[in-house]
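Structure, as structure tokens:
The values are calculated or read from the model by the stated rules, or taken from the named source; none is laboratory data. All values derive from a computational prediction rather than experimental measurement. Note: ideal-geometry Cβ built from the backbone for every residue, glycine included; neighbour counts use all protein chains shown.
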Amino acid sequence: MSSGGPTLPQERRIVTAIPGPKSQALHARRTAAVASGVGSVLPVYVVAAGGGVVVDVDGNSLIDLASGIAVTSVGNAAPEVVSRVVEQVAAFTHTCFMVAPYEGYVEVCEQLAELTPGTHPKKAALFNSGAEAVENAVKIARVHTGRDAVVVVDHAYHGRTNLTMAMTAKNMPYKQGFGPFAGEVYRAPVSYPFRDGLSGPEAAARTIDVIDKQVGASNVACIVIEPVLGEGGFIVPAPGYLAALAAYAQSEGIVFVADEIQSGMCRTGAWFASDHEGVVPDLVTVAKGVAGGLPLAAVVGRAEMMDAVHAGGLGGTYGGNPVACAAALGAIATMKDLDLNGRAREIETLLVGRLNALAADFPAIGEVRGRGAMVAIEIVEPGTTKPDPALAGRLSAGCHQAGVLTLTCGTYGNILRFLPPLVAPDALLHEAMDVLAEVTSGQA
Ligand SMILES: *Cc1c(COP(=O)(O)O)cnc(C)c1O
């Protein structure tokens, strides 16, 4: 597989402590200048990234299992993204689509209408961030239905703006001290097979019961759910759960919104994770992987719902910026040219195979799960389902010290997640798994 990005050697190379002296010097400057509420998982300061590696100012080359949180699926500085961005930035950087429009915006909407699940007539609108897309999906659902209530689930993550904080489940660090939150947001249980042991239909019945009894279906504008829950712990709902929830929504006139911001655009081995379950959402939110690292987000959905909003009711100064649209068209072309859905499925086979082998020797791995190149291990006290976030943190830190950029997640902070760029070569992924095996044996 060819690497995306510049011709960086696809290797792990550690030449200083992590972080090294130049990163530490930059970190001192950062600490004085940048608000401390903005964190960094690993304060190595980056000078280049491409394929499956991130290179820091000290000359260390780290294996990237983060993709900037599932963003650089086509690689960092992917050639098709770079060339289209360079051409666009030299032509014009901004007019505001609401002032004077341009073709790139229209083409991104056309492409997303084609790639999202279902063959019904669709339309799209573009925004800057995932949270902004989620907010706009709620606006559209409320106007379309004339109802107020928004239903979300346990372990959900939908963003950091006021409405999306209300929709996000986890208090620390996302919500603590930031209230009061937006009203008319209701939370229902989700399917979490490792913890509830319920079948998809059983878990859906439990969710629906809460909606019916505590909210009332006729008050609900939308149900918003991640088809694979991301920050909440890479939870894959049991088979049939999403379909049962979508069918309930349809029967009650509720807009079913799939938040595919993390799971969409090839990440799970399909254009959208809903595809794995044969679910056709009414609205889909898209961001992260869609534009090869530039900020772009979208709401894509049924034309009659999207068009429910009055003229001028949707938009924003930068939404669908022409440079970000050029990047998205380059990223989508790359996904098609390199068959990154197929590649994500290959990565799943490689990572899940290696992680299952590791789990056999390391009983703190309670479960290996995920879809495509969105894979995780849940770390627990052996033989129980009791979360062990301290051990997950030590494993992640051990990987960092050895030059593998990993992330944790989960409501209990006990999930180690793996999100490599889809263009990362097999050899690097195997090496990252070798490192993880070594780190776990040091903790056994
Ligand atoms: C990251 C994420 C968001 C928020 O996106 P931002 O671009 O950070 O605002 C919303 N939903 C899901 C599922 C996400 O993973």
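Asn76 falls short on exactly one of the conditions (1) more than 16 Å from the ligand (Cβ to nearest atom); (2) over 17 Å from the mean Cα position of the chain (by Cα), and that condition is (2).
The C-beta contact set for region 334-349 (first residue over 19 Å from Gly293 (Cα atoms) and assigned by TED's automatic domain parsing to the domain that holds Phe418, second residue outside any loop (DSSP other than H, G, I, E, B) and of a type in the set (Asp, Glu), distance under 8 angstrom, 6+ apart or interchain) comprises Glu346/Asp426. Exactly one residue among Ala70, Ala149 is of a type in the set (Gly, Ala, Ser), more than 16 Å from the ligand (Cβ to nearest atom) and crowded, with 19+ Cβ neighbours inside 10 Å, and that residue is Ala149. Would you confirm, using the coordinates I've provided, whether Leu294 is surrounded by fewer than 24 Cβ atoms within 10 Å (Cβ to Cβ) and within 16 Å of the ligand (Cβ to nearest atom)? Taking the combined requirement at face value, the residue satisfies it. Residues of region 398-412 that are buried (at least 23 other Cβ atoms within 10 Å of the Cβ), out of contact with any His (no Cβ under 8 Å at 6 or more places or on another chain) and among the β-branched types (Val, Ile, Thr): Val404 alone.
Determine, yes or no, whether Val309 is among the β-branched types (Val, Ile, Thr), away from the ligand (no atom under 15 Å from the Cβ) and touching a residue at least 40 places away in the same chain (Cβ under 8 Å). When the stated conditions are applied, Val309 passes them.
Comparison of Gly104, Gly37, Gly118, Gly51 shows that the only residue that is over 23 Å from Val300 (Cβ atoms), more than 16 Å from the ligand (Cβ to nearest atom) and of a type outside the set (A, V, I, L, M) is Gly51. Of the residues making up region 222-276, those that are more than 12 Å from the ligand (Cβ to nearest atom), over 15 Å from Arg369 (Cβ atoms) and of a type in the set (Val, Ile, Thr) number 3. The residue list Tyr105, Tyr157 contains one member that is within 24 Å of Ile235 (Cα to Cα), buried (at least 17 other Cβ atoms within 10 Å of the Cβ), touching a Phe, Trp or Tyr at 6+ places or on another chain (Cβ under 9 Å) and modelled with pLDDT of 95 or more, which is Tyr157. Gly75 falls short of the stated requirement of being under 30 Å from Gly342 (Cβ atoms) and in a helix (DSSP H, G or I).
If you scan region 137-146, which residues turn out to be within 13 Å of the ligand (Cβ to nearest atom) and out of contact with any Leu (no Cβ under 6 Å at 6 or more places or on another chain)? Answer for region 137-146, where residues must be within 13 Å of the ligand (Cβ to nearest atom) and out of contact with any Leu (no Cβ under 6 Å at 6 or more places or on another chain): just Val138. Among the residues of region 243-265, the ones that are in contact (Cβ under 8 Å) with a residue 60 or more places away in the chain and either surrounded by fewer than 24 Cβ atoms within 10 Å (Cβ to Cβ) or over 22 Å from Ala125 (Cβ atoms) (or both) come to 1 in all. Tell me, please, whether a residue that is polar (S, T, N, Q), within 15 Å of the ligand (Cβ to nearest atom), touching a His at 6+ places or on another chain (Cβ under 9 Å) and under 16 Å from Asp259 (Cβ atoms) can be found in region 124-131. No: zero hits. The listed residues are Ile379, Ile365, and the only one of them that is in contact with a Pro (Cβ under 8 Å, 6 or more places away or on another chain), of a type in the set (Val, Ile, Thr) and either surrounded by 16 or more Cβ atoms within 10 Å (Cβ to Cβ) or at pLDDT 95 or above (or both) turns out to be Ile379. The criterion of at least 1 residues that are under 21 Å from Leu229 (Cβ atoms) and of a type in the set (S, T, N, Q) is met by the following helices (runs of 4 or more DSSP H) wholly inside region 303-376: 340-361.
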